[in-house]
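Worksheet: one structure, shown below.
Every number here is computed from the coordinates shown, using simple stated rules; none is lab data. Computed from a predicted model, the values in this text were never measured in an experiment. A quick note on method: Cβ atoms are made from the backbone with ideal geometry, for glycine too, and the neighbour counts reach across all protein chains shown.
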Amino acid sequence: MNIVDVLEGRITIQAPPKAILPYLVEPALLPLWSPTEARVSRVGRKKHGVGAKLRVQFVAHGLDPIEYEIIHQEGTRLVSRFTGTMSGEDIWTLDPKDKRTEVHNQMVFYQPDFLTLVGWKAVGRMVAERDVRNKMPLLKRAVEEQWQPEDDS
C-alpha cells in the first residue's frame with residue numbers, strides 16, 4: 001500500500017497504560033474523548049484483542065461509517081486497521097514513565113481512489129488534523145477524571 005499521509009498526536013496522561021487502553025477500544029468510552037465519533041458499535045462476536053472490530057459513524061456530514069479491526073494489541077501498543085472512505089492504520093503507543101504515560105497516536109492513511117484523494121487534499125486533511133489535535137487533550141481529561149490510582153499501602 002502506498003502511504004498518502006500521516007497525522008500524529010502526543011500527550012502525557014497521569015495514569016498507567018492499563019487505565020488508558022480501555023478508552024481506545026471500548027465503544028462506550030470512545031465518544032467521551034473523540035466527539036466526532038457519534039456512534040460506535042462492535043462488529044462480530046469478538047469483543048477484545050486481535051480480531052475485534054468496531055464500526056464508527058462520524059458526526060461530520062457525508063462520511064460513511066468506518067470499520068476498525070485490531071491487528072495488534074499488547075499492554076503498551078495498539079494497532080488497528082481502518083477501512084471506509086479512507087483506509088489506513090491507527091497506531092497507539094503508550095510509554096509509561098513513573099506515574100504517567102506518554103501517549104503517541106499515529107494515523108497512517110493509504111492511497112485512496114482519485115476522487116477521494118482530491119477531497120482529502122482539499123478539505124479532508126484539514127478536518128482530520130483538527131480532530132487529532134483536539135482529541136488528545138480530551139483523552140487526557142477523560143482518563144484523568146475517571147482513573148483512581150491504586151492504594152500503595
**Asked** In straight Cα distance, which aspartates and glutamates are under 14 Å from residue 18, not counting same-chain residues fewer than 8 positions off?
**Response** 26, 74, 95, 98, 102, 144, 150
**Request:** Can you tell me the relative contact order of the chain? Whole percent, Cα pairs under 8 Å, sequence separation 6 or more.
**Result:** 30 percent
**Asked** Between residue 71 and residue 99, 0.36 nm times their residue separation minus their Cα-Cα distance comes to what?
**Response** 7.3 nm
**Complete:** Note: the chain, point scatterers on Cα, Debye, no solvent; log10 I/I(0) at q = 0.08, 0.18 Å⁻¹ equals -0.23, -1.14
**Asked** In deg cm²/dmol, rounded to 500, what helix-only [θ] at 222 nm does the chain give when every DSSP H run of at least 4 residues adds -39500 (n - 2.57) and the total is split over its residues?
**Response** -8000 deg cm²/dmol
**Asked** Shape call for segment 11-72 from the C-alpha gyration tensor, a ≥ b ≥ c root eigenvalues: rounded (a/c under 1.5), prolate (a/b greater than b/c) or oblate?
**Response** oblate
**Request:** Return the distance in nm (one decimal) between the two label points of a simple spin-label model at residue 46 and residue 10, each offset 7 Å from Cα along Cα→Cβ.
**Result:** 3.2 nm
**Asked** In the chain, what percentage of the DSSP-assigned beta bridges are antiparallel, given to the nearest 5?
**Response** 100 percent
**Asked** Excluding residue 104 itself, what net charge comes from residues whose Cβ is under 11 Å from its Cβ, given Lys and Arg +1 and Asp and Glu -1?
**Response** -1
**Message:** Just to confirm a number: summing +1 for Lys and Arg and -1 for Asp and Glu over residues other than residue 89 whose beta-carbon lies under 11 angstrom from that of residue 89, what do you get?
**Reply:** -1
**Request:** Convert each backbone phi in segment 137-144 into a coupling constant with the Karplus relation 6.51 cos²θ - 1.76 cosθ + 1.60 (shift: θ = phi - 60°), then list the ³J(HN,Hα) values in order as whole Hz, x for Gly and Pro.
**Result:** x, 5, 4, 4, 5, 4, 5, 5
